[in-house]
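Colleague: Provided herewith is a single structure, encoded as structure tokens, for subsequent inquiry.
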Amino acid sequence: MMTKSMNWFVVALTFVAAMMLELVALPDMLSPFRPEWLVLTQIYWLLRRPDRVGIASAFVIGIVMDVLTGSYFGVHSLALCIVSYLVLGIHKRFRMFPMAKQAFVIFVLSGIQLLIVYAMRAALSVADNGFDYLWQAIISALVWPILVIVYDRLAFTFR
Amino acid sequence: MFAKESLINTIFVQGPYLGYRLAMALIFSVILIVLDVRFSQLDPARNVISSSLTPFQWLSDFPQKLSNGFTFIFTSRDELESELDVMRDRMLVLERQSQKLASVTAELNRLRELLSASRLLDEGVVVTELVGASPDPNNQFILIDKGLNDGVLVGQAVLDANGLMGQVIEVNEFRSRVLLISDNRHAVPVQVNRNGMRAIAYGVGSLDHLELGNVPDTADVQVGDLLVSSGLGGRFPQGYPVARISQIEHHPGQAFATVNAKPEALLNRSRLLLLVFKEQVAREVLSSDLVDQESQNGVLDASMSESLMSSESLDANADSQRSVEGL
């Protein structure tokens, strides 16, 4: 039954939760290490339902990220569309990877996303961010297995 | 990791023309970026989206509110009483200062009239609360709980109890985004309080220091000097503390010294902030909220009546009030 219709409630729920986690205030020491929750959520749904979630939804999520972070419209959506395209290219193989390898690929993907965003920000305004994005990418990779377990659970509960 | 039943259906199913769709999305993104960087037509759209995201921002602030609430519940009566005593004492001290301030300001303005200089204007302030901070440490802004509905305008200065915090850069219906003075895109014109030397304090992306640009090696600055906003450029009101000089490095053979300053405002700790209104327009919007001190007004009106005030901004009844809401 659920093969035909995806429960959009779960998708919305996970995206809202990711948005909260993206916004919630962290102590100054921890804030450079915030995982890219929205990007991870987008990648998860791309892998789970590549027929429904695609580049258009990546674009919308990107616009939301632009508003939340106060950057120029289009910066995050551009990066997220590119990452989504890459994910759609490898999703058949990605499912077969063991979790450690998945986490490594996530590190590369979120690294690409952050690199594009930081490069655009540096080009459009003054910025010197150094290598912060590497930390964020590493933490995102470490968070990925937990996120998959939780989201799988949610998707199973609300199928 | 994925449920089996959806596997078969989704593994071979893929939307058509993936490459084209990516190209479309990229072109559209680039158009958006160019529009947003060059023009301001997208501002209403941003306003709508960020207004509709306000509930989520409110919810994400909830843990902090909750923990504050808990600390309040578990504060003992004795602690609260002693805190109240401290505050009463402090209020007495401050009130004494402001008693003198009224007459000193009036006298200063009379003297300035003798010099045919324009009158010093005092600004109105409105108390506002911090409701969100930037998720990205390289992009230093905060969100405050006043927006278009409260008459907030882009460019208004925001203070905390100790000094200048930043300026409003974006307004939606209920919230405003405030760029902190420490952001590396921000600069504020300042002067040294001791001798009036002017400089510009640049943010460098670190919350605990600003950098003064192009200070001559021989300039009269000392560690510990207070920098106040100079009001040049018309963006920030004059005379609010901005930072205190913390370090001066002289480089022999170079024209300029490296001068660092520590912001006076607690950029990452203050939750109650003051929004400065200096325009008459804004004051009219807010006049119902404000508690005016009429006594000072009277003194200034009398001294004003014969003088040659031409500029509109020097309207007597508009700007000589000291207004405080909620304090």
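Colleague: Restricting to helices (runs of 4 or more DSSP H) lying wholly in the stretch B:33-76: which have 1 or more residues that are surrounded by fewer than 13 Cβ atoms within 10 Å (Cβ to Cβ) and at the interface with chain A (Cβ under 7 Å from one of its Cβ atoms)?
Modeller: Where helices (runs of 4 or more DSSP H) fall fully within the stretch B:33-76 and carry at least 1 residues being surrounded by fewer than 13 Cβ atoms within 10 Å (Cβ to Cβ) and at the interface with chain A (Cβ under 7 Å from one of its Cβ atoms), they are B:62-73.
Colleague: Just to check your reading of the model, which residue among B:Val242, B:Val276, B:Val259 is modelled with pLDDT under 90, open to solvent by less than 10 Å² (accessible area, probe 1.4 Å) and either more than 30 Å from A:Ala25 (Cα to Cα) or outside any loop (DSSP other than H, G, I, E, B) (or both)?
Modeller: Exactly one of B:Val242, B:Val276, B:Val259 is modelled with pLDDT under 90, open to solvent by less than 10 Å² (accessible area, probe 1.4 Å) and either more than 30 Å from A:Ala25 (Cα to Cα) or outside any loop (DSSP other than H, G, I, E, B) (or both), namely B:Val276.
Colleague: Related question: Would you please name the residue that is modelled with the highest pLDDT, looking only at residues in the stretch B:208-234 that are farther than 24 Å from B:Gln254 by Cα and surrounded by fewer than 19 Cβ atoms within 10 Å (Cβ to Cβ)?
Modeller: Selected residue: B:Leu226.
Colleague: Would you pick out the residues in the stretch B:188-207 that are modelled with pLDDT of 90 or more, open to solvent by less than 40 Å² (accessible area, probe 1.4 Å) and under 17 Å from the mean Cα position of the chain (by Cα)?
Modeller: B:Val188, B:Pro189, B:Val190, B:Ala201, B:Gly203
Colleague: Does A:Ser57 fit the bill of being closer than 28 Å to B:Leu143 by Cβ and of a type in the set (Ser, Thr, Tyr)?
Modeller: yes
Colleague: Same structure, new question: Could you list, in sequence order, the residues of the stretch A:37-77 that are open to solvent by less than 10 Å² (accessible area, probe 1.4 Å), polar (S, T, N, Q) and more than 7 Å from chain B (Cβ to nearest Cβ)?
Modeller: Scanning the stretch A:37-77 gives A:Thr41, A:Gln42.
Colleague: Working only within the stretch B:152-165, note down all residues that are at positive phi and either outside any loop (DSSP other than H, G, I, E, B) or within 14 Å of chain A (Cβ to nearest Cβ) (or both).
Modeller: Those that are at positive phi and either outside any loop (DSSP other than H, G, I, E, B) or within 14 Å of chain A (Cβ to nearest Cβ) (or both): none in the stretch B:152-165.
Colleague: If you don't mind, another one. I'd like to know if the stretch B:129-151 contains one or more residues that are of a type in the set (Asp, Glu), open to solvent by 10 Å² or more (accessible area, probe 1.4 Å) and within 14 Å of chain A (Cβ to nearest Cβ).
Modeller: The answer is yes, given that some residue of the stretch B:129-151 is of a type in the set (Asp, Glu), open to solvent by 10 Å² or more (accessible area, probe 1.4 Å) and within 14 Å of chain A (Cβ to nearest Cβ).
Colleague: Continuing with the same structure: What's the number of the condition B:Leu120 fails, among (1) open to solvent by less than 30 Å² (accessible area, probe 1.4 Å); (2) at pLDDT below 85?
Modeller: Single failed check for B:Leu120: (1).
Colleague: Still on this structure, I have one more. What do you reckon, is A:Ser110 open to solvent by less than 30 Å² (accessible area, probe 1.4 Å), at the interface with chain B (Cβ under 7 Å from one of its Cβ atoms) and within 30 Å of B:Leu143 (Cα to Cα)?
Modeller: No.
Colleague: Which of the residues spanning the stretch A:84-102 are over 15 Å from B:Gly19 (Cβ atoms), of a type in the set (Phe, Trp, Tyr) and part of a helix (DSSP H, G or I)?
Modeller: A:Phe94
Colleague: Only one of A:Ala123, A:Ala137 is open to solvent by 50 Å² or more (accessible area, probe 1.4 Å), closer than 30 Å to B:Arg185 by Cα and either part of a helix (DSSP H, G or I) or of a type in the set (D, E, K, R) (or both). Can you tell me which?
Modeller: Result: A:Ala123 is the single residue among A:Ala123, A:Ala137 that is open to solvent by 50 Å² or more (accessible area, probe 1.4 Å), closer than 30 Å to B:Arg185 by Cα and either part of a helix (DSSP H, G or I) or of a type in the set (D, E, K, R) (or both).
The values are calculated or read from the model by the stated rules, or taken from the named source; none is laboratory data. Bear in mind the structure is a predicted one, so any value in this text is a computation, not a measurement. Here the Cβ is made from the backbone with ideal geometry for all residues, glycine too, and neighbour counts use every protein chain on show. Just so you know, the surface numbers come from the protein's heavy atoms only, side chains and all, with ligands and any DNA or RNA stripped out. Shrake-Rupley method; radii C 1.70, N 1.55, O 1.52, S 1.80 Å.
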